[in-house]
Structures are given as C-alpha cells and as structure tokens.
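Peer 1: Take a look at this one; I'll ask things after.
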Amino acid sequence: MNGLERKQQRSDVVATAVSKVRSLEAGALASEEGLTYAALDAIAAELVMLGQHKDLFGEADFPNPPEGSPARLYLLSEGASGRFPLYLTCALPGGSVRPHNHNTWAVVAGLSGCEENTFYRRVEAGFAPGPARIEADRKVEVRDGESVSLLPEDVHSVATLGGVARRHFHMYGLSLEMLSDRLAFDTTNERCNYMEINPKIVRPENT
C-alpha cells in the first residue's frame with residue numbers, strides 16, 4: 001500500500017469510528033442515565049477497534065517527537081464547532097503531564113507503549129483556581145488494546161512508562177484548543193490554576 005492509499009484508508013476507518021462515537025454519545029445523552037462511564041467505555045471500545053489498523057498509524061506517517069521534546073498530538077479528525085476531536089498521541093518514555101481535568105469527556109485507547117493514568121480525588125477545593133488539595137486514588141495502565149474513560153470532572157496525570165514510545169488515541173467531547181477553563185494542579189504547593197491551551201497539536205495539513 002502506497003502513502004496515498006494508506007491516507008485514504010486511514011480517512012475511511014477514522015470517519016467510520018467517529019460516526020459510531022457520535023451515535024453512542026447521542027444515545028447516552030438521550031437516555032435517563034446520561035453520559036456515564038459505561039457509555040464512555042462503549043466509545044473507547046470503538047477506538048480500540050480502530051487501533052487494530054496499526055499499519056495506518058505508524059511512525060512513517062506520524063513520527064515520534066525528538067528526544068527531550070514533549071509529546072506530539074496529531075489531529076486525525078475534528079467535527080464542527082470542535083466536537084469529537086480524535087488525536088494520535090506520540091510520546092517518548094519518561095514524559096509526564098501534571099494532574100489536570102478536562103471539563104469534557106475523554107477516552108484513551110492504546111496502540112503501543114504504556115500510558116499510566118493516576119487518578120486523584122479532591123480533598124479540599126479544586127473546582128476553581130486557588131488553593132486545592134488532591135490525593136492520588138488509583139492508577140490505570142493503558143497498553144495495546146486497552147482503554148480508560150474520564151468524565152469531565154475527573155482529575156488525572158499521565159506518565160509514559162517502560163522503554164517503548166507511547167502511541168495512543170485520545171478523544172474528547174470538545175477540542176483541547178477550546179478548553180480554556182480546565183485546571184492544572186500543583187500538588188507540592190497545593191494550588192490549581194487554569195491550564196494553558198495545548199501547544200503540541202499537529203494540524204492535519206502537516207501529517
């Protein structure tokens with residue numbers, strides 16, 4: 001398969017997955033329960049299935065970042081008004097992201113490497129900028145074929161474990177570039193503040 005054929009097939013399988021995700025979200029929001037972990041797990045399952053097409057998301061088309069550089073987020077798809085953005089996240093071992101929330105739902109599905117998600121509970125404050133105390137509650141490691149789901153209020157940190165570069169799908173209810181009010185937590189000084197807009201996104205025209 002040449003590069004052009006691979007790009008077209010990738011576009012097709014991504015479009016199919018996103019269409020299913022849209023239907024799953026709509027069904028969840030129309031239900032009595034609303035958007036639950038179970039509903040998000042169904043969305044995550046679609047991304048796990050998408051991850052079976054590993055040949056379409058390899059390093060030839062989506063290079064890992066250089067040594068010492070932050071993760072790269074390749075934008076694979078995004079709907080109108082920033083809805084349903086799908087990113088391929090590529091990160092080298094040893095990298096991490098401090099505790100933060102999203103203010104939208106999020107799902108992660110693994111292709112290769114290991115992403116450790118540490119989830120925190122709010123002990124004091126932490127719903128607006130200012131003093132905030134959080135404590136680690138549990139850890140979830142996401143590898144090839146595995147996933148994890150987050151509701152808007154969940155707080156987690158991310159670390160890339162092991163010796164293999166991490167390549168994972170991350171999908172959100174709204175574009176990271178539009179999430180100006182999510183919070184990042186400083187556990188040492190027990191404070192939180194607004195998190196900067198993600199600067200690591202690679203737009204489609206550059207992939």
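Peer 1: From the phi of every residue in region 56-63, what ³J(HN,Hα) in whole Hz does the Karplus formula 6.51 cos²θ - 1.76 cosθ + 1.60 yield, where θ is phi - 60° and glycine or proline is x?
Peer 2: Taking θ as phi minus 60°, the curve returns 8, 10, x, 5, 4, 9, 9, x Hz for region 56-63.
Peer 1: OK, next. For the chain, what proportion of DSSP beta bridges, expressed in % and rounded to the nearest 5, is antiparallel?
Peer 2: The answer is about 95 percent antiparallel.
Peer 1: Please compute the length gained on full extension between V13 and A80, using 0.36 nm multiplied by the number of residues separating them and subtracting their Cα-Cα distance.
Peer 2: In short, 22.2 nm is gained.
Peer 1: Which angle between 0 and 90 degrees, to the nearest 10, do you get for helix 37-50 versus the longest principal axis of the chain when only C-alpha atoms count?
Peer 2: 30
Peer 1: Assuming a viscosity of 1.002 mPa s and a temperature of 20 °C, what translational diffusion coefficient in µm² per second does Stokes-Einstein assign to region 3-206, Rh being the Kirkwood radius over Cα pairs?
Peer 2: 123
Peer 1: Quick one: among A128, A44, A30, which has the greatest mean-square fluctuation in a GNM of the chain with alpha-carbon springs under 10 angstrom?
Peer 2: A30
Peer 1: Within straight cross-link reach of K139, meaning Cα distance under 14 Å, which aspartates and glutamates are found once same-chain residues fewer than 8 apart are removed?
Peer 2: Reachable aspartates and glutamates: E115, E116, D154.
Peer 1: Note down the magnitude of the dipole of the chain about its Cα centre, charges +1 on Lys and Arg C-beta and -1 on Asp and Glu C-beta and zero elsewhere, to the nearest 20 debye.
Peer 2: 280
Peer 1: Please give the helix 3-30 orientation as an angle from the longest Cα principal axis of the chain, in degrees from 0 to 90, rounded to the nearest 10.
Peer 2: The angle comes out near 40 degrees.
Peer 1: Along the Cα→Cβ direction, 7 angstrom out, place labels at D41 and L161. What is the inter-label distance in nm?
Peer 2: According to this spin-label approximation, the distance is 2.0 nm.
Peer 1: Can you tell me the relative contact order of region 3-206? Whole percent, Cα pairs under 8 Å, sequence separation 6 or more.
Peer 2: Reported as a whole number, the value is 25 percent.
Peer 1: Next question, about the same structure. Determine, from the Cβ-Cβ distance of K200 and A30 and an R0 of 35 Å, the FRET efficiency 1/(1 + (r/R0)^6), rounded to the nearest 0.05.
Peer 2: 0.50
Values quoted throughout were computed directly from the atomic coordinates according to the rules given, and no laboratory measurement underlies them. Model, not experiment: these values are computed from the prediction. Note that each Cβ is placed from the backbone with ideal geometry, even for glycine, and that neighbours are counted across all protein chains shown.
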